[in-house]
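**Student:** Below you'll find the structure I mean.
Just so it is clear, none of the values below were taken in a lab; they were calculated from the coordinates. Since the structure is predicted, the reported quantities are computational estimates derived from the model, not experimental observations. Here Cβ is always computed from backbone atoms with ideal geometry, including for glycine, and neighbour counts include all displayed protein chains.
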Amino acid sequence: MEVYLDNAATTKPCPEAVEAAVSAMTVNYGNPSSLHRAGLNAQLVVDGARKAIADSIGADKECIYFTSGATESNNLALRGASAAYGRKAKKIVISAVEHASVEETAADLEKKGFEIVRVSPREDGRFYAADFVNACGEDTCLISMMYVNNETGYILPVKETFSAVKRRYPNMITHTDCVQAYMKLPVKASALCADLISLSGHKIHGGKGVGALYIKKGVRVLPVITGGKQEKGIRSGTESVPMIAAFGAAVKKLVPAITERYEKVGGLKKYLLDKLSGIEGVVVNSPEDGSPYVVNISAVGKRSEIMLHFLESKEIYVSSGSACSKGQQSGVLGQFGIRDKRADSALRISMTAETTEAELDIFCEALHEGIEKIRG
Ligand code: PLP
């Protein structure tokens with residue numbers, strides 16, 4: 001039996017998403033920009049998904065722009081907002097635990113003359129809104145901070161930070177990468193005081209290669225990709241109608257079940273931690289009050305990659321740190337105080353509401369066996 005516990009890397013598309021994608025490929029296959037009936041039908045599919053996503057974050061549908069994924073959304077947010085607002089205000093504040101698509105984009109902007117301030121957690125491993133606010137100034141055009149960390153499940157104080165920032169600097173642009181929070185925690189644009197929000201389709205049982213950027217009305221973002229002026233000129237290129245349809249279908253399905261699913265996964269996390277506490281040599285790297293969807297642990301002294309392949313040989317799929325970092329040592333874990341041997345042996349188990357206790361039993365048993373068999 002295959003046990004898939006790598007849902008922070010990607011999720012299995014739900015049947016509703018698959019059906020919507022197939023329908024967009026076989027029935028509504030027109031180009032949404034075409035002026036004839038086939039184009040209009042495709043446009044209606046795109047707009048239906050746009051409305052579902054907008055409703056889910058309490059926004060108007062005009063504020064949702066489709067992209068190829070959250071990597072592109074994050075690029076568009078940082079590059080596009082800094083191009084619009086950063087002529088004089090040259091500082092950008094980010095957290096030190098951002099996904100590479102924010103961190104690397106910020107690093108590139110740094111080379112182009114922006115000052116990037118990276119805010120770290122304090123000694124206790126926690127982030128404080130005051131530290132972000134104090135890092136900002138009149139010279140800051142943008143603050144970008146993820147909601148849920150993809151490696152540990154840590155929940156960052158986005159709402160507290162953005163509301164404080166907006167009180168002090170009403171014109172500063174606020175961006176949050178909500179990829180690991182969306183459809184798990186409530187993500188509402190106004191409650192978060194967010195001007196820009198990045199979302200991804202494949203982390204929520206939609207499909208790969210689609211994402212969205214929410215842009216608050218009145219906020220300017222200059223395009224990164226230019227061309228045929230699709231998405232009101234903010235993101236040129238023919239929309240991926242099948243993937244957008246799948247994204248919308250997944251959102252429609254999950255919206256009514258967010259709380260119920262969160263509680264279910266909370267129960268699964270408890271079950272998992274309880275079982276893990278009985279296995280010698282295992283430490284938990286995720287905070288107790290983090291998102292239950294991501295559980296980071298270390299079988300200290302057993303290298304992540306070796307353990308990962310041992311588990312893989314039993315058709316159990318987890319990740320070492322973040323799947324996007326392709327096995328590189330995680331700087332993010334270091335930020336949370338997880339270093340050396342503990343970081344070398346970190347494993348990320350990421351669940352979904354469809355995960356079962358029986359699957360977690362299989363995982364724990366195999367982990368136990370791996371700890372006994374693997375030398376280092
Ligand atoms: N942001 C976070 C927090 C992520 O976890 C990921 C993917 O792992 C991304 C952004 C990138 O998303 P996408 O795969 O849609 O480009």
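**Student:** Who wins for biggest fluctuation among P157, P13, P170 in a Gaussian network model of the chain, springs between alpha carbons below 10 Å?
**Tutor:** Comparing P157, P13, P170 in the GNM, the peak value goes to P170.
**Student:** Sticking with this one: For the chain, take N as its residue count and report Rg(C-alpha) divided by 2.2 N^0.38 Å.
**Tutor:** Dividing the Cα radius of gyration by 2.2 N^0.38 Å gives 1.00.
**Student:** Considering only C-alpha atoms, what is the centroid distance from segment 79-107 to segment 7-51, in Å?
**Tutor:** Value for the Cα centre distance between the two parts: 32 Å.
**Student:** I would also like to ask the following. Work out Dmax and Rg for segment 227-376 from the C-alpha atoms and quote the Rg first, both in angstrom.
**Tutor:** That works out to 18.7, 59 Å for Rg and Dmax.
**Student:** Moving to a separate point now. Between M25, M183, M145, which gets the highest mean-square fluctuation from a Gaussian network model of the chain, Cα cutoff 10 Å?
**Tutor:** Fluctuation is largest for M25.
**Student:** Now a separate question. Let me know the Kirkwood hydrodynamic radius for segment 172-307, please, with Cα pairs as the basis and the value in Å to one decimal.
**Tutor:** 17.8
**Student:** Pairs K12/K51; K270/K341; K112/K188; K88/K111: which are spaced more than 21 Å apart, C-alpha to C-alpha? Let's see the in-between values first.
**Tutor:** Working: K12/K51 23 Å; K270/K341 25 Å; K112/K188 33 Å; K88/K111 16 Å.
Too far apart for the 21 Å limit: K12/K51; K270/K341; K112/K188.
**Student:** Name the residue from S286, V187, V46 whose Cα lies farthest towards the positive end of the charge dipole of the chain, charges +1 on Cβ of Lys and Arg and -1 on Cβ of Asp and Glu.
**Tutor:** V46
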